[in-house]
1. Tell me the relative contact order for chain B as a rounded percent, counting alpha carbon contacts under 8 Å between residues six or more apart.
2. So which of A:Lys20/B:Lys57; B:Lys9/B:Lys57; B:Lys17/B:Lys64; A:Lys45/B:Lys97; A:Lys45/B:Lys45 end up more than 27 Å apart by C-alpha?
3. Which residue in A is nearest the A/B rotation axis when you measure from the C-beta atom, and what is the distance in Å?
4. I need the calculated FRET efficiency for the pair A:Ser108 and B:Thr55, taking r as the beta carbon distance and R₀ as 25 Å, to the nearest 0.05.
5. For chain A, what is the charge dipole size about the Cα centre, in debye to the nearest 20, if Lys and Arg each add +1 at the Cβ and Asp and Glu each add -1 at the Cβ?
6. Give the B-A buried accessible area in Å², both sides summed, 1.4 Å probe, nearest 100.
7. Using a 1.4 Å probe on the protein chains only, how many percent of the accessible area of the protein assembly as shown belongs to carbon and sulfur?
8. Per residue, how much accessible area does the stretch A:17-99 show when a 1.4 Å probe rolls over the protein heavy atoms, in square angstrom?
2 protein chains.
Amino acid sequence: MMNSMEWSKWEKDIARKAFKIAYDREQRAILENVREMISEVSDLKELWRLQEYLTEKRNEMDEKYDYRYSVLHFVFARLICEGWLKQEDLEGLAEEKLDEIRRISIFSKGS
Amino acid sequence: MMNSMEWSKWEKDIARKAFKIAYDREQRAILENVREMISEVSDLKELWRLQEYLTEKRNEMDEKYDYRYSVLHFVFARLICEGWLKQEDLEGLAEEKLDEIRRISIFSKGS
């Protein structure tokens with residue numbers, strides 16, 4: 001039996017798809033946000049607030065979407081916590097992986 | 001007679017108005033640019049290009065619009081070079097100031 005850190009070919013496919021689903025959802029939300037923000041901007045002071053938002057989001061996205069199998073449990077737990085991923089999106093992963101992801105996400109919610 | 005580095009109350013009024021005119025023009029152009037850019041953005045990679053543009057513009061604007069009388073000749077010369085200010089916007093300044101601003105702007109164009 002595989003331990004929870006090993007990913008079968010089958011699980012890798014599911015993981016990759018789930019990762020992309022979350023990324024696409026968050027991407028869409030950011031783009032919508034930016035379009036709304038820009039529609040309300042009337043001067044540079046307000047525009048620089050958009051610049052700060054974009055810089056922050058860029059750093060956040062770069063840091064968050066880290067597709068390394070060694071950290072993927074944590075990435076998925078965070079994405080679930082933040083609402084970008086649903087548990088159903090991970091269906092097909094080994095039960096012990098799902099348990100661990102759930103455990104981390106519950107722990108994260110409490111912090 | 002005042003030397004070209006001294007600014008009379010009258011000249012300060014003209015300078016302040018010209019400074020604002022240039023700033024408003026450039027502000028409008030940046031806002032238009034950003035709206036056009038955002039309308040063409042369809043993913044985060046493209047959005048980060050907008051983030052880079054905004055960061056660059058923010059630094060540029062902070063550095064460029066420096067309202068200190070000791071550097072104002074250079075600021076106006078640069079604004080003329082870049083097309084944000086017209087010589088007519090400075091009408092009313094002492095002739096020697098205008099000469100100096102013209103001299104610097106011609107020199108800048110050549111560089």
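The values are calculated or read from the model by the stated rules, or taken from the named source; none is laboratory data. On a predicted model such as this, the values are computed, not experimentally measured, just so you know. Positions of Cβ are backbone-derived with ideal geometry, glycine not excepted, and every protein chain shown enters the neighbour counts. Note: areas computed on protein heavy atoms with side chains; ligands, DNA, RNA excluded. Shrake-Rupley method; radii C 1.70, N 1.55, O 1.52, S 1.80 Å.
1. Numbers: 63 pairs, mean separation 42.7, N = 111.
Computed over chain B, the figure is 38 percent.
2. Details: A:Lys20/B:Lys57 32 Å; B:Lys9/B:Lys57 32 Å; B:Lys17/B:Lys64 16 Å; A:Lys45/B:Lys97 31 Å; A:Lys45/B:Lys45 24 Å.
Beyond 27 Å: A:Lys20/B:Lys57; B:Lys9/B:Lys57; A:Lys45/B:Lys97.
3. Looking at chain A's Cβ atoms against the axis toward B, the nearest is A:Ile38, 3.
4. Numbers: r = 31 Å, r/R0 = 1.24.
Computed FRET efficiency for A:Ser108 and B:Thr55: 0.20.
5. On the way: 20 positive and 24 negative charges, 34 e Å.
It comes to approximately 160 debye.
6. On the way: alone 7620 and 7630 Å², together 13230 Å².
Adding both sides of the contact gives about 2000 Å².
7. Numbers: 6930 of 13230 Å².
Within the protein assembly as shown, the accessible surface is 52 percent carbon and sulfur.
8. Values: 4430 Å² over 83 residues.
Solvent-accessible surface per residue comes out at 53 Å².
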